[in-house]
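Asks: After the structure tokens below, expect a handful of questions from me.
The values are calculated or read from the model by the stated rules, or taken from the named source; none is laboratory data. Note that the coordinates shown come from a computational prediction; the quantities given were computed from them, not determined experimentally. Backbone-built Cβ (ideal geometry, glycine too); neighbour counts: all protein chains shown.
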Amino acid sequence: MANPKQEIVYTKLFINNEFVDAKSGKTFPTVNPANCKKLADIAEADKADIDAAVEAATKAFSRNSEWRNLDASARGRLLNKLADLIERDINTLANLESLDNGKPFGDSVFDINCAIDTFRYYAGWADKIHGNTIPADGSSLTLTRKEPVGVVGQIIPWNYPILMLAWKWGPAIAAGCTVVLKPAEQTPLTALHCAALTKEAGFPAGVINVVPGYGPTAGQAIAAHPNIHKVAFTGSVIIGKLVMEAAAKSNLKKVSLELGGKSPLVVLDDCNLDEAVEIAHNAIFANHGQNCCAGSRTFVQEGIYDEFIKRSIELVKKRKLDDPFTADVIQGPQVNDNIFNRILNYIEAGKKEGAKLEFGGKRWGSEGYFIEPTIFSGVTDTMTIAKEEIFGPVQSIFKFKTLDEVIERANNTTYGLASGIITNNLNNALVFAQAVSAGSVWVNCYDAVVPQAPFGGCKQSGSGRELGEDGLEPYLETKTISIKLPAKN
Ligand code: NAI
Ligand code: MG
């Protein structure tokens, strides 16, 4: 079970089914955010290592390679085998995830189970990806093939390390691509363990490569690489723009982006209040607020506003903060000093700009990057905390009068990832669901993210979708084949 003394075995780059040092010999430390102590030194990839990984992935994808000759159903079996091995190692992986990221051990187990579900979902797709026969004008047999785009680069963040890896590898492998993945520099450990499991599962050399390193070096080298045909990125808007720019300037590789949000959760007067308070609480505080689809703008209708705040404060007092390996802990530390300081600065901005601090607002404890769960009320749309992604345990509560008003205000953001509404009035729920600019709308629930249904953003929350059948699309090219026939029939 939970073991904070988990041994760390894999610390090198994984290229062509081997663990290797960086060509430069450089390493970087990965840190435990609960106590700021170094966990391990990790081989640090930069451009030369990315080149080596891309070369391996290119060779693995070449015509007549073992990978290209594999039956599609066999790719599905590899994904299922990987899922089985992750399940076998779930305690090890959860220990590594909690040590590296700071999330409670139970949350890590939950995330890993979601990753397993994602692999199994895409395993089923591998031999069900196919084109059409088309009744084209003239006399020909016209058909389409769905082909893998080729070598794909994948750059993932630190908030859900293993789950983001599964969201990236599942569809890429089902489609038949080969992969160069860069985990976030804050959380490389579970990706390296999963790399070892792909070898054990029997993935041919070069199909999966994992290259930990920093964004401006390793990440940039992936985004700008001339022999990568598609890049998938999850992270901040500012880096998403850099990735798109590098893709455009290098080889016009396809780009899919998932860039977070400022998602509105609307609570109408007619709701079941206790249920609404709890949904809104979990929507923002889950994963310490470090969640791309966090319900970070809680809009509450005026008739229940005061009571909603009172009950939200009662609920937030029950959150237990502590080391991720402590029993019953709900909230661990934020991931690192940067993110920690950013969040505290946003809290200061909230106070300065006139929001009412109802609870929290400070660092918790004296070691590690813990922040008290924080509630602001009286937040207005022009405040910094209303507009920018805080990515921390800070609930901002807004008051509104009418549904029309709140729809306008909900949409008044540069983001559009997720949204929610809590009401017993079906008409109001549907009016909101259709009018809101967001990739997901959750009615009387929140964070309803499952492998079967697409997830992704409008506006600056990104482009493309992950999960579901839509999640395969960024990894596929459609080829049209027209065969002339002697006669139309
Ligand atoms: P980030 O966008 O810098 O990092 C995400 C990934 O991008 C990491 O793997 C990083 O190494 C890589 N990266 C950084 N610079 C790069 C570059 N020039 N080229 C290619 N890859 C690069 O995010 P960071 O600094 O860790 O967090 C800052 C804020 O970003 C957070 O407070 C949050 O608002 C947002 N964010 C959103 C996430 C989401 O799930 N959509 C996840 C992580 C952060
Ligand atoms: Mg770490």
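Asks: Under 7 Å by Cβ, and 6 or more places apart or on different chains, what pairs join a residue from the stretch 434-446 that is at pLDDT 95 or above with one that is part of a helix (DSSP H, G or I) and not hydrophobic (A, V, I, L, M, F, W, C)?
Replies: These pairs meet every condition: VAL436/ASN411; SER437/ASN411; SER437/LYS459; GLY439/SER461; TYR446/ASN282.
Asks: I'm told ALA48 meets every condition in (1) without any contact (Cβ under 8 Å) to a residue 60 or more places away in the chain; (2) surrounded by 15 or more Cβ atoms within 10 Å (Cβ to Cβ); (3) more than 17 Å from CYS177 (Cα to Cα) except one. Can you identify the failing condition by its number?
Replies: With respect to (1) without any contact (Cβ under 8 Å) to a residue 60 or more places away in the chain; (2) surrounded by 15 or more Cβ atoms within 10 Å (Cβ to Cβ); (3) more than 17 Å from CYS177 (Cα to Cα), ALA48 is out only on (2).
Asks: Can you give me the number of residues within the stretch 128-160 that are buried (at least 16 other Cβ atoms within 10 Å of the Cβ), of a type in the set (A, V, I, L, M, F, W, C) and either over 14 Å from LYS479 (Cβ atoms) or without any contact (Cβ under 8 Å) to a residue 60 or more places away in the chain (or both)?
Replies: Result for the stretch 128-160: 5.
Asks: Got a sec? Which of PHE285, PHE299 is buried (at least 19 other Cβ atoms within 10 Å of the Cβ), modelled with pLDDT of 95 or more and touching a helix residue (DSSP H, G or I) at 6+ places or on another chain (Cβ under 6 Å)?
Replies: Among PHE285, PHE299, only PHE299 is buried (at least 19 other Cβ atoms within 10 Å of the Cβ), modelled with pLDDT of 95 or more and touching a helix residue (DSSP H, G or I) at 6+ places or on another chain (Cβ under 6 Å).
Asks: Considering (1) without any contact (Cβ under 8 Å) to a residue 60 or more places away in the chain; (2) within 16 Å of ligand 1 (Cβ to nearest atom); (3) under 21 Å from SER263 (Cα atoms); (4) not acidic (Asp, Glu), say which one PHE376 fails and leave the rest.
Replies: (2)
Asks: Which pairs have Cβ atoms under 9 Å, sit 6 or more apart or on different chains, and link a residue in the stretch 337-355 that is in a loop (DSSP other than H, G, I, E, B) to one that is within 14 Å of ligand 1 (Cβ to nearest atom) and polar (S, T, N, Q)?
Replies: GLU353/THR384
Asks: For the stretch 327-340, does any single residue satisfy the condition of being of a type in the set (D, E, K, R), surrounded by fewer than 19 Cβ atoms within 10 Å (Cβ to Cβ) and within 16 Å of ligand 2 (Cβ to nearest atom)?
Replies: For the stretch 327-340, residues of a type in the set (D, E, K, R), surrounded by fewer than 19 Cβ atoms within 10 Å (Cβ to Cβ) and within 16 Å of ligand 2 (Cβ to nearest atom): present.
Asks: Right, another one. Is it the case that PHE285 is of a type in the set (Phe, Trp, Tyr) and either over 14 Å from SER396 (Cα atoms) or in a loop (DSSP other than H, G, I, E, B) (or both)?
Replies: Criteria not met by PHE285.
Asks: Please go through the stretch 238-289 and pick out each residue that is within 18 Å of TYR446 (Cα to Cα), in contact with a Lys or Arg (Cβ under 8 Å, 6 or more places away or on another chain) and without any contact (Cβ under 8 Å) to a residue 40 or more places away in the chain.
Replies: If the condition is that a residue be within 18 Å of TYR446 (Cα to Cα), in contact with a Lys or Arg (Cβ under 8 Å, 6 or more places away or on another chain) and without any contact (Cβ under 8 Å) to a residue 40 or more places away in the chain, then LEU273, ASP274, VAL277 are the ones that fit.
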